[in-house]
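Read-outs throughout are calculated quantities, based only on the coordinates presented, and are distinct from any laboratory measurement. Since the model is a prediction, treat every value here as computed from it, not as a measurement. Quick reminder, even Gly has a Cβ in these numbers, built from the backbone with ideal geometry, and neighbours come from all protein chains shown.
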Amino acid sequence: MNLQRFFAALICLVATVSALAQPYPSHPIRLVVPFPPGGGTDIFARQIATKLSESLGWVVVVDNKPGAGGNIGVDIAAKSPADGYTMVLGQTSNLAINPTLYGKLPYDPLKDLVPVVGVAAAPVVLVVAANSPYTSLADVVAAARAKPGAIMYASPGNGTVSHLASERLQRAAGVRFEHIPYKGSSQAMTDVIGGNVALFMASVPSALAQINGGKLRAIAVTSARRIAQLPDVPTVAESGYKDFEATTWYGLLVPSGTPPTVVETLNREVNRVLQLPEVRAQIAAEGGEPLGGTPEKFASLMRSEYALWGRVVKESGAKAD
């Protein structure tokens, strides 16, 4: 029996050494997307997968695993083998907001995953109906101070970046709005255009067509600087609230325990992809800007945003729907 165990262990050792000796990657890589096809996370993931395939011949398979605000897909990735053949494209909600928003998550984003590289960041934009009396953030704040709680604002749901960015703005300005949560952006946008709700912190991609079409008026963006798609729209910081910034950011991660050499390879190649003009143009079209940089840089962003949004969730009293 002892001899059998010895040979079994020897076979496993030989198989492991053989696998490590193969060049990486030697078979397809799965890129988990925690949301359905078609959204910003999915678009960025498919860009990266396509460019890695075109330039290096890698096979990167995008695997959409939506549900529970992105928690299901992230959990699947976190519990996958730490061999470099599973990545996940996470973002603000499932890496920084949900750990506090949900009573208990099946994963810890700071312990169960290793940051590889930040991919992109995009602000939200404060919009009102085209015929709204509000033409600036100062107008909104003045009206809210005159009638506390009378101004209603829409969000795509409790605990979303839109909702929590609005909560942060209220605290910064010392005012109070009435929150009207929706099940997604579409109906929220419709009700703002129709004048049923006064304000909406919308993602730039979802609102841009309506802004350009004259149905919505953009009055402030939450980025640190003005964005190319809306160059005439001031930032919240410019509008009197210094250092205010709220973005949705996206980044690649792998399961904890993934070999550092694999993390370095993935980081190097995705950074290269993020420098391609066509990739940068597509990210810009989605209202964002490329990030890139070292794993440590992305890890630092995650830690700071985890603390920031956790505090905002607690202060707002938001709970998962």
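How high is the relative contact order of the chain, given as a whole-number percent (alpha carbon pairs under 8 Å, six or more residues apart)? Could you put the intermediate results ahead of the total?
Numbers: 595 pairs, mean separation 81.3, N = 321.
It comes to 25 percent, rounded to a whole number.
Checking the cross-link pairs K297/K319; K111/K183; K51/K297; K147/K319; K104/K314 against a 21 Å limit on the alpha carbon distance flags K297/K319; K111/K183; K51/K297; K147/K319 as lying beyond it.
Note on K65: aspartates and glutamates with a C-alpha under 12 Å away, same-chain residues under 8 apart excluded, are D42, D75.
Tell me the net charge near T261. Cut-off is 14 Å between Cβ atoms, T261 excluded, with +1 for each Lys or Arg and -1 for each Asp or Glu. The partial results should precede the final answer.
Working: positive: R268; negative: D83, E264, E269.
Charge balance near T261 sits at -2.
Taking V32, V175, V127 in turn, the Gaussian network model of the chain (Cα-Cα springs below 10 Å) assigns the largest fluctuation to V175.
Per DSSP helix of 4 or more residues, -39500 (n - 2.57); summed, then divided by the residues of the chain. What does that give at 222 nm, rounded to the nearest 500? Present the calculation step by step, with values, prior to reporting the outcome.
Numbers: 11 runs with 136 residues, N = 321.
That calculation yields -13500 deg cm²/dmol at 222 nm.
Sort F298, F244 so that the residue with the fewest other Cβ atoms within 10 Å of its own Cβ comes first and the one with the most comes last. Please report the intermediate quantities before stating the final value.
Details: F298 23, F244 20.
Ascending number of Cβ neighbours within 10 Å: F244, F298.
Counting other C-beta atoms within 10 Å, which of M152, M87, M189 has the fewest, and how do the rest follow? Before the final figure, lay out the partial values.
Numbers: M152 16, M87 28, M189 23.
By the 10 Å Cβ count, ascending: M152, M189, M87.
Segment 52-128 and segment 174-221 have their alpha-carbon centroids 27 Å apart. Put in line by how crowded their Cβ is, counting other Cβ atoms within 10 Å and starting with the fewest, H27, H163 read H27, H163.
Highest average first, the peptides 129-140, 74-85, 246-257, 203-214 ordered by how many other beta carbon atoms sit within 10 Å of their residues are 246-257, 74-85, 203-214, 129-140.
Under 17 Å from a label point set 7 Å out along the Cα-to-Cβ vector of S26, the amide N atoms of segment 43-70 belong to 58-59.
Cβ neighbours within 10 Å, averaged per peptide: list 230-240, 52-62 in order, most packed at the top. Could you put the intermediate results ahead of the total?
Values: 230-240: 16.6, 52-62: 14.0.
Peptide ranking by packing, descending: 230-240, 52-62.
Under 13 Å from the Cβ of K314, count the other residues' Cβ atoms, weight Lys and Arg +1, Asp and Glu -1, and hand me the total. Combined, the nearby Lys, Arg, Asp and Glu give +2.
Candidates G118, L137, V161 compared by Cα position along the dipole of segment 109-179: farthest toward the positive end lies L137, with charges placed on Cβ. Highest GNM mean-square fluctuation among L110, L276, L301, for the chain modelled with Cα contacts below 10 Å: L276.
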